[in-house]
Amino acid sequence: MPKSSSPKRRRGLKWVTALLVLLSAVGYGAYHFLPVLLLGRGCTVRAGGQELSLDLPQAANASTITAVAISRGLPEQALTIALATSMQESDLQNLSHGDRDSMGLFQQRPSQGWGTAAQIMDPVHASNAFFDALLKVPGYQQLPVTVAAQQVQRSGFPDAYAKHAAEAALLASALGGTQSDALSCTAGFDAPPVTGGATAAVRERLTKEFGSQVAPRAAAAVRTVAVPTTDSGGSRTAAQEQQRGWVLAQWAVAHAQDLKIAKVTFGDDQWSAADSGDGWRKSDTRTVGNAAEDVSIMVAQ
């Protein structure tokens, strides 16, 4: 009969197993978190002496919710309620799972009539569905954020939204253009090469999220999309054009990673992926061929 393992050998195997588990955990952490630590990827919102940090997907999702609110002409309070709700329900992540059949930015359920699973996983559809429900709440703008959100969500934790109200208001004022150059992101450097359809992808995304509120066009400068802040009727005031410009510019920065955006210019301010750690800076020259009121979005080579 074979001899049984000695206690010393068994202890050695336990140490080896523990070491392998530790190395696996370290490897997982290095793969997922070292890029953030080394490259500093992420976004920061600074306004009114307050600061909020987001990762790149959170910023992109928040900017999409904002774009949908803008496309519908909704007030900043509606955007604040939506952002606070998504912060609580999914941490501004487009989750494919949740309680029972809940999913997406707002943890909406196909079985409760919010749409199909595929629709709910589309942030634009999910945002529109949330706003559709919010607009049915009488006097929602006068209600506390947590009360208005609960009227839509019917959560088992009705007071949970309150803790996100302040940060949601800060984010809404930044992405809604009330605060200029308030959001800046540090982009990663591992993006795949951009194909020839990159500018088309930017135009398509702008149109999908902002709808008829934008009229993106190919600019004179190579690889650049120009988005006018004026409207065809000339009815916007200079202040409204300025606010609209910052909505579009910060939307582009928030989506820089997934749309492979290299540079965003509005007025005399410019954000560059290559120097994204410096945030928004004054630009010496305006993008060639663009009007002063355009937001210029240049994709990477």
Condition check: crowded, with 22+ Cβ neighbours inside 10 Å, in contact with a strand residue (DSSP E or B) (Cβ under 8 Å, 6 or more places away or on another chain), under 17 Å from Ala172 (Cα atoms) and in contact (Cβ under 8 Å) with a residue 60 or more places away in the chain. Does Ala62 satisfy that?
yes
Would you check if Thr178 is in a loop (DSSP other than H, G, I, E, B) and either within 28 Å of Thr44 (Cβ to Cβ) or under 21 Å from the mean Cα position of the chain (by Cα) (or both)?
yes
All conditions in (1) under 11 Å from the mean Cα position of the chain (by Cα); (2) farther than 19 Å from Ala252 by Cβ; (3) of a type in the set (D, E, K, R) are true of Asp55 except (2)
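Of the residues that sit in segment 199-229 and are among the hydroxyl-bearing types (Ser, Thr, Tyr) and surrounded by 17 or more Cβ atoms within 10 Å (Cβ to Cβ), which one is farthest from Thr64 (Cα to Cα)?
Thr224
Condition check ((1) in contact with a helix residue (DSSP H, G or I) (Cβ under 6 Å, 6 or more places away or on another chain); (2) under 18 Å from Cys43 (Cβ atoms)) across all residues:
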position: Thr199; (1), (2): no, no
position: Phe210; (1), (2): yes, no
position: Gln242; (1), (2): no, no
position: Ala249; (1), (2): no, yes
position: Gln257; (1), (2): yes, yes
position: Trp271; (1), (2): yes, yes
position: Gly279; (1), (2): no, yes
position: Val299; (1), (2): yes, no
If Val152 satisfies all but one of (1) modelled with pLDDT under 95; (2) not in a loop (DSSP other than H, G, I, E, B), what's the number of the condition it fails?
(1)
Inspect all residues belonging to segment 242-259 and state whether any of them is out of contact with any Phe, Trp or Tyr (no Cβ under 9 Å at 6 or more places or on another chain), without any contact (Cβ under 8 Å) to a residue 60 or more places away in the chain and not assigned by TED's automatic domain parsing to the domain that holds Ala59.
no
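The values are calculated or read from the model by the stated rules, or taken from the named source; none is laboratory data. Keep in mind that what you see is a predicted model, and the values were worked out from it rather than measured. For neighbour counting, all protein chains shown are included, and Cβ atoms are generated from backbone atoms with ideal geometry for every residue, glycine included.
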